[in-house]
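Enquirer: Okay, here's the structure, questions in a sec.
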Amino acid sequence: MTISATDAAYYDPWDVALNVDPYPMFKRFRDEVPLYYNEAHDFYAVSRFDDVNRTLVDSESFSSGRGSVLEIIKSGMEIPSGVLVFEDPPIHDIHRKLLSRAFTPRKINSLEPHIREFTRTCLDAVAGGGSFDFVADLGSVMPMRVIGMLFGIPEDHQRRVAADGDKFVRTERGGQMTDNPDGPITDGEVFADFIDWRREHPADDLTTELLEAEFTDEFGVTRRLRRDELLMFMNVVAVAGAETTTRLLGWIGKLLSEHPDQRALLAADRSLLLGAIEEILRFEPPALQIARYVTRDVEFHGTTVPQGSALLTLVGAANRDERRFGDDADRFDITRAPKQHITFGVGAHFCLGNALARLEGQVALDEILNRFPEWTVDLDHAVFSSASAVRGWDSMPARV
């Protein structure tokens, strides 16, 4: 989108055309209106790294308990128990501790050979055809397969889970999650038959661990997870984990097609893989913004944001803040010196699955380069996602 010097600084999180390339506008926000107010949709937004970081760290002033998606906060809907990303401490910390057992270094590392084998299988299926779709051929299937490995979910059931997640996360072009007639949050019932079966047939997987786990809840009661809580837990991990990693793989294809010199560096030196994934995550975060509910009057840049407001933290803007990343923050550089970005959040809600997402990205890129050291994406036929909670591509075809 081309922005002239006379245009008013404006951001609409549901404007698909703007979200394809919001970065010129984000720079204007950082420089001109670091605290932005949108009268049409009644929300505030911060764009500088320090302001975004401050907001996400301070869970007392900036609550997740009413949702972390703008339209959900604005709806005032009641958030069901077990939606980890829509919770505040102390219940958030209790639930997070339960789920953290799935993301230990030992468990993550044990998945690597299985992720690699499945990635190779996906690439084998398209070998020799002259084309490869980073999303349709890999990104839309590999992340859910990995979630299935964690939970022990059979392959046929994984497809049902993916379809259920799509129904709630995806929106009509320019639409909002709250437009969904079934509501913006699935009840997780797609997992019900599997949980009932797993209860009778325990195994070495996260589902069995969660079924058997005892914990002390926020009321001091020692108990096991209720069925509705477990259903919601599984849904959050499945949908959030699969959607964001799917978007990452689409951005891998696009960015490295647009920067063939850096792709050549990677093909020749795989020690650069970790840095490349970090730079892709910084440069094109799958979640462009994170919303919070303001619980008390707070001040940014001399202006008070009143209690009861909705505040967007513009992650995509913060990740390119020159104050944090230097004058070349808008340049894609896989050799950039490591520095914390906010793609996985920060504070209490720092993404539990960050190590797994990074591993999936590294393995996928490594195997893609083994098979296709060069490619050119076909942006004329690429399909940009219409989801408001995540940003990326539903299709990223390439000639290989």
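Enquirer: Which count do you get for residues in region 340-361 that are assigned to a helix (DSSP H, G or I) and surrounded by fewer than 19 Cβ atoms within 10 Å (Cβ to Cβ)?
Expert: 4
Enquirer: Another question about this same structure. Name the single residue, out of those in region 196-221 being over 13 Å from residue 98 (Cα atoms) and outside any loop (DSSP other than H, G, I, E, B), that is farthest from the chain's Cα centre (by Cα).
Expert: 200
Enquirer: Quick check on my filter: what residues within region 81-118 are among the charged types (D, E, K, R) and part of a loop (DSSP other than H, G, I, E, B)?
Expert: 87, 88 - these are the residues of region 81-118 that are among the charged types (D, E, K, R) and part of a loop (DSSP other than H, G, I, E, B).
Enquirer: Within region 15-77, which helices (runs of 4 or more DSSP H) (wholly inside it) include 3 or more residues that are in contact with a Pro (Cβ under 8 Å, 6 or more places away or on another chain)?
Expert: Result: 70-75.
Enquirer: Considering region 19-33 alone, what residues qualify as being among the aliphatic types (A, V, I, L, M), surrounded by 13 or more Cβ atoms within 10 Å (Cβ to Cβ) and in contact with a Phe, Trp or Tyr (Cβ under 7 Å, 6 or more places away or on another chain)?
Expert: Passing the criteria: only 25.
Enquirer: It is to be established whether one or more residues within region 282-303 are part of a helix (DSSP H, G or I) and on the phi < 0 side of the Ramachandran plot.
Expert: Yes: one or more hits.
Enquirer: Taking into account only those residues within region 110-133 that are out of contact with any helix residue (DSSP H, G or I) (no Cβ under 7 Å at 6 or more places or on another chain) and in contact (Cβ under 8 Å) with a residue 60 or more places away in the chain, which is surrounded by the fewest Cβ atoms within 10 Å (Cβ to Cβ)?
Expert: The extreme case among them is 130.
Only the coordinates and a few stated rules stand behind these numbers; no lab work does. No experiment lies behind these values; they were computed from the predicted model shown. Cβ coordinates were reconstructed from backbone atoms using ideal geometry, including for glycine residues, and neighbour counts include every protein chain displayed.
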